[in-house]
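Contents: one structure, followed by commentary.
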Amino acid sequence: MDISRRNLFKMAGVAALGAAVGQFNTANAAPKILKLKAAPVVGSTNVTGKKFLGTAAKVYFTDKLDAAHLIKLYNMINGEIFGKVGIKVHTGEPHGPNIIPRDWVRQFQAQIPNSNLIETNTLYNGNRYTTKNHRETIKINGWDFCPVDIMDEQGGVNFPVNGGFHLKEVTMGKNLVNYDSVIVLTHFKGHAMGGFGGSLKNIAIGMASGQDGKAQVHAYDKATAMPPASDWWKNIPITQEYFMENMADSGKATCDHFGKRIVFINVMRRMSVDCDCAGVGAAEPTMADVGILASTDILAIDQACCDLVWTAADSKDLRERIESRKGLRQLSAMAELKMGNPQYELISVD
């Protein structure tokens with residue numbers, strides 16, 4: 001694939017985009033291992049072109065944005081997925097313009113036996129704060145093509161955090177324990193607090209129960225006011241780095257629970273600096289669409305997405321959002337908790 005034809009890689013003077021032939025075989029020509037400009041935290045030594053010791057995680061990439069390629073990449077990482085399968089998506093606020101196209105997800109879900117979508121309610125007082133309103137929003141946004149399990153509808157269940165930074169346990173949506181496997185299907189974008197929302201955010205916040213687990217991760221004292229005001233997040237009594245560490249703690253709890261039975265897909269499309277929580281109020285994206293990534297490694301896939309952002313010539317706004325919120329601490333925190341491999345190969349798949 002001649003990746004230089006994409007706007008993402010039209011960068012002056014970047015010679016690091018040379019590609020070596022990978023080892024993964026498909027029916028077509030062998031995919032290429034792409035070399036990118038690394039984001040300034042963690043940074044895959046493979047991506048920067050330097051030799052490294054040990055193994056590298058595989059992150060599969062396509063610049064084709066459609067349901068067929070979403071399914072194709074999933075089929076490269078689904079070897080350990082079995083039983084009852086939850087597909088974790090961000091259902092978004094009503095009429096959100098940036099969420100993953102529902103028709104893609106409908107076609108994707110139809111290929112996965114015994115699967116449905118999974119979500120949790122929000123901590124902020126929006127249109128997904130209560131289960132009743134959340135279900136209405138699901139209908140408005142077109143997610144009702146299959147069952148959607150709002151996992152904290154009947155409360156929460158505590159997952160232990162083994163060797164975390166700050167949290168000893170996190171309250172997840174109660175129904176999460178009913179699933180054998182999870183597919184984390186994420187719209188990669190910016191985020192008002194996290195800097196960016198990738199696979200970590202989708203499970204660390206998105207799996208946590210709305211009124212308990214999310215408050216734990218945000219270190220929010222529920223006794224001060226419930227429901228929280230629209231600007232509650234501005235008064236959280238922890239540093240930005242502390243919040244990223246809490247997210248890593250929460251994400252680790254879910255990853256430890258599922259082990260090899262959790263996989264990650266990030267869709268880099270319509271990447272606003274704002275999360276899908278912002279709905280129609282989200283800023284219009286200023287960065288071109290990139291593609292779809294898939295991996296069994298949560299750190300590698302989020303690192304690869306950040307590296308793709310740092311490689312893109314038109315990513316100034318998103319980079320500023322990530323840097324201003326200390327968002328790259330998500331990556332180094334996951335590395336310190338040994339949640340994944342900071343060394344990866346980005347393997348291009350047509």
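Return only the number of the condition from (1) modelled with pLDDT of 95 or more; (2) of a type in the set (A, V, I, L, M); (3) in contact with a strand residue (DSSP E or B) (Cβ under 7 Å, 6 or more places away or on another chain) that V349 does not satisfy.
The one condition V349 does not meet is (1).
Tell me, which strands (runs of 3 or more DSSP E) lie completely within region 46-131 with 2 or more residues that are farther than 21 Å from T254 by Cβ and either in contact with a helix residue (DSSP H, G or I) (Cβ under 7 Å, 6 or more places away or on another chain) or of a type in the set (K, R) (or both)?
On the way: elements: 57-62, 85-88, 115-119.
Strands (runs of 3 or more DSSP E) meeting the threshold: 57-62.
Condition (residue is surrounded by 24 or more Cβ atoms within 10 Å (Cβ to Cβ) and either within 19 Å of K88 (Cα to Cα) or polar (S, T, N, Q) (or both)) applied to region 321-332: is it met by at least one residue?
yes
Please enumerate the residues belonging to region 74-89 that are on the phi < 0 side of the Ramachandran plot and surrounded by fewer than 23 Cβ atoms within 10 Å (Cβ to Cβ).
Just the residues of region 74-89 that are on the phi < 0 side of the Ramachandran plot, to begin with: 74-82, 84-89.
Matches in region 74-89: Y74, N75, M76, I77, N78, G79, E80, I81, F82, K84, V85.
Anything in region 123-143 that is of a type in the set (D, E, K, R) and farther than 20 Å from V217 by Cβ? List them, or say none. Break it down stepwise before answering.
Here is the first cut: in region 123-143, the ones of a type in the set (D, E, K, R) are 128, 132, 135-136, 139.
If the condition is that a residue be of a type in the set (D, E, K, R) and farther than 20 Å from V217 by Cβ, then K132, R135, E136, K139 are the ones that fit.
Of all residues in region 161-182, which are out of contact with any Pro (no Cβ under 9 Å at 6 or more places or on another chain) and among the β-branched types (V, I, T)?
Across region 161-182, the qualifying residues are V161, T171, V177, V182.
Give me the pairs, please: first residue somewhere in region 130-153 and without any contact (Cβ under 8 Å) to a residue 24 or more places away in the chain and closer than 15 Å to V105 by Cα, second residue anywhere and buried (at least 19 other Cβ atoms within 10 Å of the Cβ) and not hydroxyl-bearing (S, T, Y), beta-carbon distance under 6 Å, and either six or more positions apart or on two chains.
Short answer, once both residue conditions are applied: D144/I138.
Give the residue, chosen from E153, E80, E136, E119, that is charged (D, E, K, R) and under 17 Å from the mean Cα position of the chain (by Cα).
Numbers: E153 fails: under 17 Å from the mean Cα position of the chain (by Cα); E80 fails: under 17 Å from the mean Cα position of the chain (by Cα); E136 fails: under 17 Å from the mean Cα position of the chain (by Cα).
After ruling out the rest, the residue left standing is E119.
Sort out which residues of region 132-150 are touching a helix residue (DSSP H, G or I) at 6+ places or on another chain (Cβ under 9 Å) and within 10 Å of G210 (Cβ to Cβ), and write them in order of number.
If the condition is that a residue be touching a helix residue (DSSP H, G or I) at 6+ places or on another chain (Cβ under 9 Å) and within 10 Å of G210 (Cβ to Cβ), then I150 is the only one that fits.
Output the number of the condition that N125 fails; it satisfies all remaining conditions of (1) touching a residue at least 60 places away in the same chain (Cβ under 8 Å); (2) surrounded by 22 or more Cβ atoms within 10 Å (Cβ to Cβ).
Going through the list (1) touching a residue at least 60 places away in the same chain (Cβ under 8 Å); (2) surrounded by 22 or more Cβ atoms within 10 Å (Cβ to Cβ), N125 breaks only (2).
Out of (1) among the charged types (D, E, K, R); (2) out of contact with any Ser or Thr (no Cβ under 8 Å at 6 or more places or on another chain); (3) surrounded by fewer than 22 Cβ atoms within 10 Å (Cβ to Cβ), what's the single condition that is false for D297?
Checking D297 against (1) among the charged types (D, E, K, R); (2) out of contact with any Ser or Thr (no Cβ under 8 Å at 6 or more places or on another chain); (3) surrounded by fewer than 22 Cβ atoms within 10 Å (Cβ to Cβ), the one that fails is (3).
Failed condition for G279, given (1) on the phi > 0 side of the Ramachandran plot; (2) modelled with pLDDT of 95 or more, with all others met?
(2)
For region 101-122, which residues satisfy the criterion of being hydrophobic (A, V, I, L, M, F, W, C), surrounded by 20 or more Cβ atoms within 10 Å (Cβ to Cβ) and in contact with a Phe, Trp or Tyr (Cβ under 9 Å, 6 or more places away or on another chain)? Can you show your working first?
Our first condition is that a residue be hydrophobic (A, V, I, L, M, F, W, C); within region 101-122, this holds for 104-105, 108, 110, 112, 117-118.
Narrowing further to those that are surrounded by 20 or more Cβ atoms within 10 Å (Cβ to Cβ): 104-105, 108, 117-118.
If the condition is that a residue be hydrophobic (A, V, I, L, M, F, W, C), surrounded by 20 or more Cβ atoms within 10 Å (Cβ to Cβ) and in contact with a Phe, Trp or Tyr (Cβ under 9 Å, 6 or more places away or on another chain), then V105, F108, L117, I118 are the ones that fit.
The values are calculated or read from the model by the stated rules, or taken from the named source; none is laboratory data. In this text, all values refer to a predicted model and were calculated from it rather than measured experimentally. All Cβ positions, glycine included, derive from the backbone under ideal geometry; neighbour counts span all protein chains shown.
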